[in-house]
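Below is one structure, written out as structure tokens, with a few remarks after it.
The values are calculated or read from the model by the stated rules, or taken from the named source; none is laboratory data. All values reported here derive from a predicted model rather than from experimental measurement. Here the Cβ positions follow ideal geometry from the backbone for every residue, glycine too, while neighbour counts run over all protein chains shown.
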């Protein structure tokens, strides 16, 4: 009889511990799902668009300026920690540049909009590609969007802009 009572008590303790672990795992799963949904909502309410591309020539050097519009429609304050614009002309890679703002992130308060001009100086080895371009600029801007308590998410913006000589 004593053995059965001890076994029943041990079984009830084991079941209680298993119940507590089950509740904790359900709570952890729910918290993870909530964070994922918040991140998805915040990322869905973030917009980045390329509004213009300008190519300037000074002497024999070219500088490409990309006007990037950032819009935060989410309920959170967001920040951009890094951006990399990459430029293609007529399907051929021209150049890219890294902007690292990790030490001083580009802040986007909720409901705000911000325009940023990204400059890329074309190296001497690529000036012939820029000078002989015929069809269109293809721009790809990727970056890291930092969301409070949720971490970092990659964003990518692409644009194809017809090349109009004389209006560069």
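Table for the structure above
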| quantity | calculated |
| --- | --- |
| Qualifying residue in segment 117-129 (condition: farther than 18 Å from residue 58 by Cβ and either at pLDDT below 85 or surrounded by fewer than 16 Cβ atoms within 10 Å (Cβ to Cβ) (or both)) | no |
| Lone qualifier among 106, 70 - being surrounded by 10 or more Cβ atoms within 10 Å (Cβ to Cβ), within 13 Å of residue 147 (Cα to Cα) and under 20 Å from the mean Cα position of the chain (by Cα) | 106 |
| Criterion (surrounded by fewer than 16 Cβ atoms within 10 Å (Cβ to Cβ) and in contact (Cβ under 8 Å) with a residue 40 or more places away in the chain) met by exactly one of 41, 81, 86, 49 | 49 |
| One residue from 133, 91 being surrounded by 13 or more Cβ atoms within 10 Å (Cβ to Cβ) and under 20 Å from residue 50 (Cβ atoms) | 133 |
| Condition broken by residue 20, with the remaining ones in (1) more than 23 Å from the chain's Cα centre (by Cα); (2) over 25 Å from residue 139 (Cβ atoms); (3) in contact (Cβ under 8 Å) with a residue 24 or more places away in the chain satisfied | (3) |
| Matching entry among 94, 53, 116, 83 (being assigned by TED's automatic domain parsing to the domain that holds residue 152 and in contact with a helix residue (DSSP H, G or I) (Cβ under 7 Å, 6 or more places away or on another chain)) | 94 |
| Residue 61 being out of contact with any strand residue (DSSP E or B) (no Cβ under 6 Å at 6 or more places or on another chain), within 21 Å of residue 160 (Cα to Cα) and touching a residue at least 24 places away in the same chain (Cβ under 8 Å) | no |
| For residue 5: the one exception among (1) surrounded by 10 or more Cβ atoms within 10 Å (Cβ to Cβ); (2) in a helix (DSSP H, G or I) | (1) |
